[in-house]
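Once you've had a glance at the structure underneath, I'll fire off some questions.
The values are calculated or read from the model by the stated rules, or taken from the named source; none is laboratory data. Computed from a predicted structure; not experimentally measured. Every residue, glycine among them, receives a Cβ derived from its backbone with ideal geometry; neighbour counts consider all protein chains shown.
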Amino acid sequence: MDCNGFKRWLISRDDCEGNLTRQAHKHREDCPDCNQLYTADEGLEQAFSNSMRMTPPPSGLARRARQRAEAEARPTGAKRPGWLWKGFAPALAIGLLLVVWNPWANPLTSLETIGNFALANHSRTDMTMAFTADEIPDPQEWFYQRLNFRVAMPNFSQRQLTFLGGRECTIGPKKAAYLYYDDNGKRVSVFVMPARQIKFPLQAERRYRIDAIQYSVELWKMDAMVCILVQELNPDTLSTT
Amino acid sequence: MKLPGFAAKIVPRIKSLSPQEFWHLAGRHEGLLYSSAFQYTGNRFDAEDLVQETFLAAFRSRHQLRDRGKMKSWLFIILRNNYLKRAGRKPNRTQNEYDDRIEYDYAEDLAAMAGQEDALQALERKATAENVHRQLSALPESYQSVLILYYLKEFTYQEIADMLEIPIGTVMSRLARGKQRLKAAFIKKAARAAAPKKIIPLARKG
């Protein structure tokens, strides 16, 4: 390395490979001018390092932030509703709730509606698993504690689906178990819920199927349960149908 | 069990940090946050405000932290975003130009200065924390953040790359170019300070 090469190295040494750095150090050992240059540059480097090093924070900085966070979490007097609202607001809220969300109406009256609800769940990106298959030895018990019904685990040994995990969810207004399966790198969603929640007659041995643009939804009865399976349609199938 | 690729989005989230856990973990990094904030803002009052805002924002969204081991980086990202929002600056992501002229000037000027004792002393005197901050804040944000993180000596190149969402090679080149600009600015200042003042005698009347 010559003096010009050394100068180029000096200014871009953070972006240089180790071999070039070794050559530069070797050069400065032999060249007093470049060594002087290096010393001057190091002095500046040291000055920057001293100026930008850790600065001790004022005492109790995190504690004060914590106090602010706790104060924000507490309801303030000014924000509380007046006495009139205290009596009126709950009644109004209940009235509105009944109008907007009629709890007595069960929308699960057709295959299409159920399929739409299941497909919506399948498409959501924020529905993470609550447990993985490795973590919970008895998923049925896990769901029983949360949903109050025994979830029959469907047998997919013929279809070679691998059980990954599960979570609770809803199909419309009704609670269901959400089981995640893997089909060669593609997600298959299976929803299991009591058959009595479905308000249209289902034949025991029949498999119902609807195909959306990209997905297929299958529905079948399994004893007292209903299984709804959502999976991506095979691109080959798509092109031929 | 090996999870398929798509499962990354649906694996269970870790349990959200409780307030106590959050403050216990986050409180450890107040020094780092304050130092970074001080470098960004250049004064203690704004730095303190910025850190408080950062802690509050992080506390409110603590459920989003998926890996507790990344608390330090996560807090810094929030701090930087808060600073950019406050300062009305946008993160510069495309600083690809390479100013060769600055590189040449720096090496030449430093070579000229390295032989003069007065000039070197002037250089050291100029490199005060206040001046460093002034020059740092004049740099594009893309260089500023890399330099701040580098000189805090708390992060590896890879961690800096992850936090700023840039490749590690870009971290290294921005570091080199950021230093280059900073040093060139100081050399020029010091050269001006060390230059002998020319006194032009005024002609006297009579």
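With the requirement that a residue be modelled with pLDDT of 70 or more and farther than 24 Å from A:ALA71 by Cα, what does the stretch B:84-109 give you? Lay out the reasoning, then the answer.
Looking only at the stretch B:84-109, we keep the residues that are modelled with pLDDT of 70 or more, and these are B:84-88, B:106-109.
Those that are modelled with pLDDT of 70 or more and farther than 24 Å from A:ALA71 by Cα: B:LEU84, B:LYS85, B:ALA87, B:GLY88, B:TYR106, B:ALA107, B:GLU108, B:ASP109.
Quick one: A:LEU179 ticks every box in (1) without any contact (Cβ under 8 Å) to a residue 40 or more places away in the chain; (2) in contact with a Gly (Cβ under 7 Å, 6 or more places away or on another chain); (3) not basic (Lys, Arg) bar one, so which box is it?
Going through (1) without any contact (Cβ under 8 Å) to a residue 40 or more places away in the chain; (2) in contact with a Gly (Cβ under 7 Å, 6 or more places away or on another chain); (3) not basic (Lys, Arg) one by one, A:LEU179 breaks only (1).
Exactly one condition in (1) in contact (Cβ under 8 Å) with a residue 24 or more places away in the chain; (2) part of a strand (DSSP E or B); (3) of a type outside the set (S, T, N, Q); (4) over 16 Å from A:LEU161 (Cβ atoms) is false for A:ARG196; which is it?
For A:ARG196, the failing item is (2).
Still on this model: Inspect the stretch A:16-24 for any residue being more than 7 Å from chain B (Cβ to nearest Cβ), farther than 30 Å from B:LEU136 by Cα and modelled with pLDDT of 85 or more and give the result as yes or no.
yes
Which pairs have Cβ atoms under 6 Å, sit 6 or more apart or on different chains, and link a residue in the stretch A:134-156 that is closer than 10 Å to A:VAL192 by Cβ and among the aliphatic types (A, V, I, L, M) to one that is at pLDDT below 90 and surrounded by 17 or more Cβ atoms within 10 Å (Cβ to Cβ)?
Final answer for the pair search is none.
Now for a separate question. Being of a type in the set (A, V, I, L, M) and assigned to a helix (DSSP H, G or I) is the filter here; which residues of the stretch B:59-82 pass it? Full working, then the answer.
Taking the stretch B:59-82 first, the residues of a type in the set (A, V, I, L, M) are B:65, B:71, B:75, B:77-79.
The answer is B:MET71, B:LEU75, B:ILE77, B:ILE78, B:LEU79.
Here is a follow-up. Among the residues of the stretch A:118-152 satisfying the criterion of being within 14 Å of chain B (Cβ to nearest Cβ) and of a type in the set (Val, Ile, Thr), which is surrounded by the most Cβ atoms within 10 Å (Cβ to Cβ)? So that I can check it myself, show each step before the final result.
Here is the first cut: in the stretch A:118-152, the ones within 14 Å of chain B (Cβ to nearest Cβ) are A:121-137, A:139, A:142.
Among the residues that remain, those that are also of a type in the set (Val, Ile, Thr) are: A:125, A:128, A:132, A:136.
On the way: A:THR125: 7, A:THR128: 15, A:THR132: 18, A:ILE136: 15.
Of everything passing the filter in the stretch A:118-152, A:THR132 is surrounded by the most Cβ atoms within 10 Å (Cβ to Cβ).
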